[in-house]
Structure formats: C-alpha cells, structure tokens
Amino acid sequence: MIADWKLPDRVTILLSGYRFIDNYMNIQKRYLRNDGMSVICGMENHDGKWWLHVSCAKPDRLPTWEDLKEVKNTFIGRNKKAIQILPNEKDYVNIHPYCLHLYNCDNDMLPDFTHEGQL
C-alpha cells in the first residue's frame, strides 16, 4: 500500500553517493548521484496494485548495467525483485533521452522467472 512505501534509510542512500534533491509535488523523490546520474522514485497504481517506479538517467548517455543494478539495490532493495518494461514502440514515452525505468510491485508480487533456468 502507498502508505507503507519507504525508501531505504538515508544512510544507505548517502553511502551510495546520492544526495536528496527534492520531493516533487509530494509524489516523487528526486536524487542526484555524485557523477550526475539522477534518480526519481514514486508510487503508481496499476490494475489495483501499487508499484514503485524508479527511473535513472545520465546527462549524456544511458546508465550502464552496473548503474541500473546499483539503483535497484539502493532504491528498491537487494532482496527485492524489479522489472524493466520495453513497451510497443507506439506506446514509448520518455521525457529524457537517456532514461531507464524499473518497477517493483507491492509485496514483491512478480513471477519467478528462474523456474526453467537462471537469470
């Protein structure tokens, strides 16, 4: 539920090299990493479930796989699942050319994709 949503503690975020920028319209928290990568976190309701939406962007290029893993571990949690969605091209919307998005469903209600092998 949205009232239960909490980011990792401030120490975890600061130790990872991020600083809090602002609480945009009281619905999104924005952070900036020492190297200029920005992270925005907010809750969204889709199909009756709450999803944590975390986006990350660098000013001049896409975040790397290592960047994305760090963002997931820092803002969603090491022991939580997250997904990245690649929509149909006609549905693609992004206000930043170098932005990637991760989603985590309330109560970690994602399928276990390791059933037939490893990820």
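Laboratory data are not the source of any read-out in this text; all were calculated from the coordinates shown. Predicted model only: the values in this text are computed from it and were never measured. Note that we place each Cβ from the backbone using ideal geometry, even for glycine, and neighbour counts take in every protein chain shown.
Observations, loosely collected:
- Computed lengthening from Phe20 to Lys81, 0.36 nm per intervening residue step minus Cα-Cα distance: 19.6 nm
- Among Tyr24, Tyr31, a tally of other beta-carbon atoms within 10 Å of each Cβ gives an order, fewest to most, of Tyr24, Tyr31.
- Proximal charge balance of Leu100 [Cβ under 13 Å; K/R count +1, D/E count -1]: +1
- Karplus (6.51, -1.76, 1.60) ³J(HN,Hα), θ = phi - 60°, over the range 16-23, in Hz, Gly and Pro reported as x: 7, x, 9, 10, 5, 9, 6, 10
- Using the Karplus relation 6.51 cos²θ - 1.76 cosθ + 1.60 with θ = phi - 60°, the per-residue 3J(HN,Hα) values for the range 69-74 come to 4, 4, 4, 4, 5, 6 Hz, with x marking Gly and Pro.
- For the range 30-40, putting each phi into the Karplus relation 6.51 cos²θ - 1.76 cosθ + 1.60 with θ = phi - 60° gives couplings of 10, 10, 10, 8, 3, 8, x, 6, 9, 9, 10 Hz, in residue order, rounded to whole numbers and with x for Gly and Pro.
- Kirkwood Rh, Cα atoms: Rg over Rh of the range 2-108: 0.94
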